[in-house]
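Novice: Here's a structure for you.
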Amino acid sequence: MRIRDLVPHAILLLYVVIACGPLLMIIMNSLKSRQAIFGEPFAPPTLGTFDVSGYATVFARARFELYFFNSFVVTVVSVFLVLLLGSMAAFALAEYRFRGATVLALYLALGIMIPIRLGSVGILDLLVSLNLVNSLTGLILIYTAMGLPLAVFVLTSFFKQVPTELKDAARVDGAGEYRVYSLAVPLVRPGMAAIAIYTMLPIWNDLWFPLIVAPDESVRTVTLGAQQFLGQFVTDWNAVLAVLTLAMVPMMALYLIFSKQFVRGLMGGALK
Amino acid sequence: MTQTQTSEAATTASGAETPPRRTRERRRFPVQLLVFLGPAVVVYTVFMIYPLVDSMRLSLYDDAGAFVGLGNFVHLLTDDLLSARFWNAVWNNLVFFAVHLLVQNPIGLLLAALLTSSRLPGRATYRALVFVPTTLSVVIVGFVWQLILNPVWGFVETPLLGQSSTALITLALMSVWQYVGIPMILFYAVLVSIPEDFLEAARIDGANAWQTFWRVKFPLVLPTVGIVSVITYVANMNAFDLIYAVKGALAGPNFASDIMGTLFFRTFFGFQLERGSSTMGATVATLMFLLILAGVLLYFFGYQRRVKSYEF
């Protein structure tokens, strides 16, 4: 290998250290004793410095297992609804010609560019009148509305690529329109996967809506739980590092497992 | 390439068979359209469009429910204290965006260019690792950096987040660190899709790698720089979590890191001695919306048109 070929590797490696180093450092130090955190921040935990007292504090003081459960429910149900409702609407927009189809597609696409957060005042009023404040249902409905525009937009173009012969063959065999839809869905799986990944992250990571519409302990999400815990325990470094690790490792692990699909999904969106 | 071919095939096929299908659909028209489109349209309308419109309507009322026209806007923009806060937040937001524009795009482009440089083993691993911070909550990112930049730990001597001169820039760079993967991946997608013929032609003309990049690849990436900038602008004008997590609702020191998102939160919910007002909150949100709209329109009528005229 020539020196010239090493230059890109050197720069990329340096950047990877900048990108992942801080995170690795947090995880490593969360497993160390207080003195070791300050004394030798770059050293991995050894038998002498290993200490999980931070995690003990976290689980004694905050109900993180509940927060994880809440985040999990909100994320999974929202993503499921975005995929189901989004694919149904996209199928109709791609498949049928009807008056107002273009206007409807544009109306649904509006939400891609407008941040839903700007409607927060209205959302809070609405949830109060629907009695959905401090409920996971409220969060799920907001996130579903937030994810739909992009899902409909992207999936419409995927459904348009499903060969017409296939759908018509099913119709000739006596399949109803709902059956045709259920046959077409597996054919747009790459689009569904991309949307699922793209929708999931902002929902799991959101702070704003949990903070303003569902701050109660019983419905608290991981992000809000971590934020509030960190606010209270600023000086307890063991606990802070443990919470940070708990809050970031699940998404990081999920991402590293699916990184290929994730990046490909984003690129697919970009190339369209 | 394959996708274009299938879609072409699909269009021709559907074109040929349109008339019979159309009549059948017309006969069944409303029921299945309602079933397919109804739920999405209802959820989207009720939980996104209606609240947005309602927020804008509320900006024309006072908290007692009386119609005040543009009174809230006049108050926000003319009241000594409020208008100072507002313009400070707008300015800080623009600085926040400028840092992203000037730091995120070049780094993203550099990383993408390196990743697409020929014969690079391990590119998938690099690509994945650069993206890791993007998958984290802004709240986590804020605290991670708060710890690392804490003078107690000793990585930096100066309290970068504690001084009004450096706080905002530091926060912006933290956000760049997190999101640089997005421009990188979008530039990467463009760079890998450049036809080999173009690069071959440049090589035959005697261009070296440097020249090939600036003369062939860069002009093709330029329209994507525009799109990335608009996405970044919308996200930045709407930012909140990072600053709230690191500096709290008061966006200190002395409002040095106050942006529209934190100003909106404070006017909506109140802070310290000041009571929150949902209608003033709605007013701030409406102004945020107008600023975002202005930025997006500026792009569509200015930048995009200019870039198009370079293309042929």
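Novice: Over chain B, with a Gaussian network built from C-alpha contacts below 10 Å, which listed residue (B:P30, B:P253, B:P223) shows the highest mean-square fluctuation?
Specialist: B:P30
Novice: Output the 0 to 90 degree angle, nearest 10, between the alpha-carbon long axis of helix A:101-113 and the longest principal axis computed from the alpha carbons of chain A.
Specialist: Tilt of helix A:101-113: around 10 degrees.
Novice: Running a GNM on chain B with Cα contacts under 10 Å, which residue among B:L263, B:L149, B:L81 ends up with the highest mean-square fluctuation?
Specialist: B:L81
Novice: Could you size up the charge dipole of segment A:136-272 around its Cα centre, putting +1 on the beta carbon of Lys and Arg and -1 on that of Asp and Glu, and report it in debye to the nearest 20?
Specialist: Numbers: 9 positive and 8 negative charges, 104 e Å.
Taking the Cα centre of segment A:136-272 as origin, the dipole is about 500 debye.
Novice: Right, next: Give me, ordered by chain and number, the residues 5 or more places off B:G270 or on other chains with an amide H under 5 Å from its own placed amide H.
Specialist: Distant-sequence amide H within range of B:G270: B:G276, B:S277.
Novice: I'd like to verify something in chain B: which complete DSSP H helices, judged by Cα projection on the helix axis, reach 20 Å or more and average at least -0.5 on the Kyte-Doolittle scale? Spell out each step's value before the answer.
Specialist: Details: long enough: B:2-44 (35 Å, -0.37); B:80-99 (28 Å, 0.83); B:218-237 (28 Å, 1.68); B:278-298 (30 Å, 2.10).
The qualifying helices are B:2-44, B:80-99, B:218-237, B:278-298.
Novice: Over what distance in Å are the Cα centres of segment A:136-178 and segment A:3-28 separated?
Specialist: 41
Novice: Where the centroid of each part is defined by its Cα atoms, how far is segment B:242-275 from segment B:210-238 in Å?
Specialist: One Cα centre to the other: 32 Å.
Novice: Quick check: residue separation of B:V42 and B:N254 times 0.36 nm, minus the Cα distance between them. What number comes out in nm?
Specialist: Values: separation 212, 0.36 × 212 = 76.32 nm, distance 4.37 nm.
Fully extending the segment from B:V42 to B:N254 adds 72.0 nm.
Novice: Compute the angle between helix A:64-95 and the longest alpha-carbon principal axis of chain A, please, reported from 0 to 90 degrees and rounded to the nearest 10.
Specialist: For helix A:64-95, the angle is close to 20 degrees.
Novice: In what sequence, largest accessible area first, do A:H9, B:H100, B:H75 appear using a 1.4 Å probe? The partial results should precede the final answer.
Specialist: Numbers: A:H9 30, B:H100 5, B:H75 85 Å².
Sorted descending by solvent-accessible area, the residues read B:H75, A:H9, B:H100.
Novice: Report, as an integer, the average count of C-beta atoms from other chains found within 10 Å of each Cβ along A:11-19. Could you put the intermediate results ahead of the total?
Specialist: Values: counts 4, 13, 3, 0, 9, 7, 1, 5, 12.
Partner-chain Cβ atoms within 10 Å, mean over residues of A:11-19: 6.
Novice: Got the relative contact order for chain B handy, in percent, Cα pairs under 8 Å and 6 or more residues apart?
Specialist: Numbers: 299 pairs, mean separation 71.8, N = 312.
This gives 23 percent for chain B.
Novice: Provide the gained length on full extension for the span A:L84 to A:A43, in nm with one decimal, where the gain is 0.36 nm per separating residue minus the Cα-Cα distance. List each step's numbers first, then the result.
Specialist: On the way: separation 41, 0.36 × 41 = 14.76 nm, distance 4.76 nm.
My answer for the length gained is 10.0 nm.
Novice: Could you work out the mean count of beta carbons from other protein chains within 10 Å of each residue's beta carbon in A:191-204?
Specialist: On the way: counts 0, 0, 0, 0, 0, 0, 1, 0, 0, 1, 4, 1, 0, 3.
Mean shielding by partner chains, rounded to a whole number: 1.
Novice: So which aspartates and glutamates can B:K217 reach, going by Cα to Cα under 16 Å and dropping same-chain residues fewer than 8 places off?
Specialist: Excluding near neighbours in sequence, the set is B:E196, B:D197, B:E200, B:D205, B:E311.
Novice: What is the spin-label model distance, in nm, from A:S53 to A:L110 if the labels are put 7 Å beyond Cα along the C-beta direction?
Specialist: 5.7
Novice: Using a Gaussian network for chain B with springs between C-alpha atoms less than 10 Å apart, which of these wobbles most: B:D241, B:D205, B:D80?
Specialist: B:D205
Novice: Applying the Karplus parametrisation 6.51 cos²θ - 1.76 cosθ + 1.60 with θ = phi - 60° to the phi angles of segment A:16-27, what ³J(HN,Hα) value in whole Hz is obtained for each residue in order, glycine and proline being reported as x?
Specialist: With coefficients 6.51, -1.76 and 1.60, one gets 4, 5, 5, 6, 9, x, x, 5, 4, 5, 4, 4 Hz.
Novice: Quick one: which residues, 5 or more positions from A:K32 or on another chain, have an amide H under 5 Å from its amide H? H modelled 1.01 Å from N in the peptide plane, none for Pro or chain starts.
Specialist: For A:K32, whose amide H was placed from the backbone, the distant partners under 5 Å are A:D51.
Novice: Can you give the angle from 0 to 90° between the axis of helix A:136-160 and the longest principal axis of chain A, with both taken from C-alpha atoms, to the nearest 10?
Specialist: 50
Novice: Give me the net charge of B:L120's neighbourhood, meaning all other residues with Cβ under 13 Å from the Cβ of B:L120; Lys, Arg count +1, Asp, Glu -1. Walk me through the intermediate numbers first.
Specialist: Numbers: positive: A:R4, B:R119, B:R123, B:R127; negative: A:D5.
So the environment of B:L120 carries a net charge of +3.
Novice: Hey, another quick one. Search the structure for amide H atoms under 5 Å from the amide H of B:Y61, placed 1.01 Å from N in the peptide plane, and list their residues when 5 or more places away or on another chain.
Specialist: Result for B:Y61 returns B:V68.
Novice: How many nm is it between the label spots at A:L66 and A:V128, if each spot is 7 Å from the Cα in line with the beta carbon?
Specialist: 2.5
Novice: Heads up, I need the accessible area for B:V152: 1.4 angstrom probe, whole protein in place, Å², nearest 10.
Specialist: Rounded to the nearest 10, that gives 100 Å².
Novice: Further question: Between A:Y178 and A:D216, how many nm apart are label points set 7 Å from Cα along the C-beta direction?
Specialist: Inter-label distance under the simple model: 3.4 nm.
Novice: Now for a separate question. Between A:I11 and B:L77, what is the FRET efficiency for a Förster distance of 45 Å, r being their Cβ-Cβ separation, to the nearest 0.05?
Specialist: The calculated FRET efficiency here is 0.45.
Novice: What FRET efficiency comes out for A:Q232 versus A:L24 if R0 is 25 angstrom and r is the Cβ-Cβ distance? Round to the nearest 0.05.
Specialist: Numbers: r = 26 Å, r/R0 = 1.03.
Efficiency, from the Cβ-Cβ distance: 0.45.
Novice: Where the centre of each part is set by its Cα atoms, how far does segment B:165-180 sit from segment A:65-96, in angstrom?
Specialist: Each part reduced to its Cα centre gives a spacing of 32 Å.
The values are calculated or read from the model by the stated rules, or taken from the named source; none is laboratory data. As the structure is a computational prediction, the values presented were derived from the model and not from experiment. Cβ atoms come from the backbone with ideal geometry, glycine included; neighbour counts cover every protein chain shown. Just the protein is used for accessible areas: all its heavy atoms, side chains included, with ligands, DNA and RNA removed. Shrake-Rupley method; radii C 1.70, N 1.55, O 1.52, S 1.80 Å.
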